[in-house]
1. Can you tell me, using C-alpha contacts under 8 Å and at least 6 residues apart, the relative contact order of the stretch 38-114 as a whole percent?
2. For the chain, just run the numbers: alpha carbon Rg, then divide by 2.2 N^0.38 Å, N being how many residues it has.
3. Once the cut-off is 22 Å, how many percent of the Cα-Cα pairs in the stretch 77-150 end up in the long-distance tail?
4. Remind me, relative contact order of the chain in percent, using alpha carbon pairs under 8 angstrom and six or more residues apart?
5. Can you tell me the 0 to 90 degree angle between the C-alpha axis of helix 9-25 and the longest principal axis of the chain, rounded to 10?
6. Modelled label-to-label distance, R97 and R202, 7 Å Cα→beta-carbon offset: nm?
7. Over the Cα atoms of the stretch 86-209, how large are the radius of gyration and the largest Cα-Cα distance (Dmax), in Å?
8. Write down the radius of gyration of the stretch 1-111 and its Dmax, each obtained from C-alpha positions, in Å.
Amino acid sequence: MSIPFYVPPEQLIKDRSDFARAGVAKGKPVVIATVKEGIALVTENPSASLRKISEIYDRIAFAGVGRYHEFEALRVAGIRYADLRGYAYDRADVTARSVAAAYAQTLGAVFTGEPKPLEVELAVVEVGDKTKDDQFFKISCDGSVAQITGLLVIGGGAKEVEARLRSELPSVPRLLDLLLRVTGKPAVNVEAALLRRGAERRAFARLGASDIKAMLARRKGSA
């Protein structure tokens, strides 16, 4: 009987983390920011059918980067969790915090118990009645959760994009303009959505190509 190689636990955790984060770094960044109208979510996405940004519940949105099939399965699980919790208890019991905690539990269990960690990074955000009530949560591949205020970027090149955005108060057109300049891609390759502040129930609204082009035209006209 052969004796398996011994790997220190701290080295094993580091290797798993490095492996997962390398996969996440290949994904295009998703920018999420508090704006006057609510919370804007913007990313590069050339696909017309595969989505990186989605509605989870009434005023809650999801964004994922990394391996598509992995974060898509998590997106669907999050919707089911929110629906069941809202049905069994009350719609007010479904919050970004509770959804983020459920994702953290799942990612942490896979990270420590499965042969391969999930190569994903997630964001769960909830729009409030006022700007100060907006909730931003980032969930990493190892299940760790960070609560962010006002501006959150996940995916490859997140630090650079965030640094450029923090130099000026974000707006939806500015987020779109910056993303297009960073990626060098046309507006048709952008996926964008808005969690509308003040909406009674469903706050999530996708921005189509025509909406994006109109916003960019207005920004150029005012520049």
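Please treat every number below as a calculation from the coordinates, not as lab data. The model shown is predicted, which means the values in this text are computed figures rather than measured ones. Positions of Cβ are generated from backbone atoms using ideal geometry, with glycine treated the same way; all protein chains shown enter the neighbour counts.
1. 19 percent.
2. Cα-based Rg divided by the globular estimate yields 1.06.
3. Taking all Cα-Cα pairs of the stretch 77-150, the fraction more than 22 Å apart is 28 percent.
4. Details: 413 pairs, mean separation 60.8, N = 223.
Result for the chain is 27 percent.
5. Once rounded, the angle reads 30 degrees.
6. So the two model labels end up 2.7 nm from each other.
7. Reported Rg and Dmax, both Å: 16.4, 47.
8. Reported Rg and Dmax, both Å: 17.6, 66.
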